[in-house]
Every structure is written in C-alpha cells, then in structure tokens.
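Visitor: Once you've had a glance at the structure underneath, I'll fire off some questions.
Throughout, read-outs are computed from the coordinates displayed, never taken from laboratory work. What you see is a predicted model; the values in this text were computed from it and never measured. Here the Cβ positions follow ideal geometry from the backbone for every residue, glycine too, while neighbour counts run over all protein chains shown.
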Amino acid sequence: MKRSILRFASALVVLSTVFLTGCSKDKDDESGSTVTPVEAKTISDLNATTKVYINLKTGATVSAAEANATNWDLSVLGEGRTLVLGVNSGTNGTGTAGAQIVETGFDDLAEAPAEGYLAGTEAIGDYLKWSTYTGSTTTPNHAILPKPGLSIVVRTADGKYSKIQIVSLYQGNPNTSTEAFANLATRPAFGYLTFRYATQTENTRRFK
C-alpha cells in the first residue's frame, strides 16, 4: 500500500512540473523558442529634405542609387510643411514591405499585428494619420507634432517586424512648448526626423 501511495505521489509531482513548465512559456515565439526582448534605438536629426531610405535592421541609410528590393524598409521625405513616410513596396519601392498604424504606445506594444499591412505610402504617407497640424488658432501655430499613444509597425522587406515612434520633425528635437519654438522666426528647421525604433529579426512578431 505504501509503495502505491508513493508512486501516486511521484506521478502527481511529475504532472505538476509539466503543467507549470508549459504555463510559464508566455514569452515563447511561434517556434517554441524563448523570445529575447528587442532593443529600442533612436535615429536623430535625419535630414529628410531629400528622400532618405532606411534599413530598419541596421539603422543605416541607403542612397537612392543603391536602393533595391531588400536593402531598405522605410523612406522619408520632407515636402514643404509635410513629411511623407513610406515602405519598400507598391509605387514606393520594388520590395514587399508593409506598414500600418496601431493605437498602442511604443513602449507598450508587445507584438506586431499578423495582418493589416499596406504597401508603399498607403498606411503612413498621410502625415495627419500619425501627427497633428496645429493650424493658426493653437499654440504653437502652424506646427506638426506627433500624436501620442500611436506606433507605426513595419513588416520589413525581408519579412521581419519593426515598431516606430515618431519623436520630432524639427532639427534638434526641440522643446515644442517654448517661446522660441512658438515663434516662427526662431523655430528650428522642419524636415529633420527623430524617431525610436525596435526591430525583431527573429522568426516572431513579438517585441518583448
């Protein structure tokens, strides 16, 4: 009888261990491997007064002459008082990248959506989707300020995932609440992009 009881107790311990181990894998990716949280990086004062092509895995810019279907993911172009973002696909490139805007802040976004990506400039080309133009009645006047609580998610040209937070569209990432910024005569130049990004290069949509 004692041996039977001991065997039963041992079986319960084994089953409990298996159950707890299975439940602890809330950070595993689709393949069953543990996901390493990706590192957030910042690109500052990117001069986009001419079109710039960016590789979101390396953070490097690619010249227009060297741009091809796989070596860049995001394009940036400052035009007058607007700034146009696009990905490497559709009418904006020969790759298969995609993008969408999600209503989750950069730090809180744990996983890229599985679907909903659009080509070229369809999702993020209109700057009013991810920023606000203040007009003439709001201080600071005639400014373009990033909307809080949003992230841009890019499916890269090679099928990985990157999340982006637009920080500033003005040279030097200035404090937009100051008198110097409110004054159009002393406001820093427009068309210089500062943004945070984090790219998951493994076979998973999870960022953390």
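Visitor: FRET efficiency for Tyr133 and Ala40, Cβ-Cβ distance as r, R0 = 30 Å, nearest 0.05?
Guide: 0.65
Visitor: Over what distance in Å are the Cα centres of the stretch 54-69 and the stretch 95-140 separated?
Guide: 21 Å
Visitor: How about the stretch 96-158: which GluC sites (Glu not before Pro) there lie in a loop by DSSP and see at most 14 other Cβ atoms within 10 Å?
Guide: Qualifying residues, ordered by number: Glu103, Glu115.
Visitor: Please report the spacing between the Cα centers of the stretch 170-195 and the stretch 142-163 in Å, no decimals.
Guide: Answer, in whole Å: 21.
Visitor: Could you compute the FRET efficiency for Ala185 and Ala110, with r as their C-beta to C-beta distance and R0 at 35 Å, rounded to 0.05?
Guide: Efficiency for this residue pair is about 0.20.
Visitor: Can you figure out the FRET efficiency of Lys147 with Asn203, using R₀ = 30 Å and their beta-carbon distance, to the nearest 0.05?
Guide: For R0 = 30 Å, the calculated efficiency reads 0.45.
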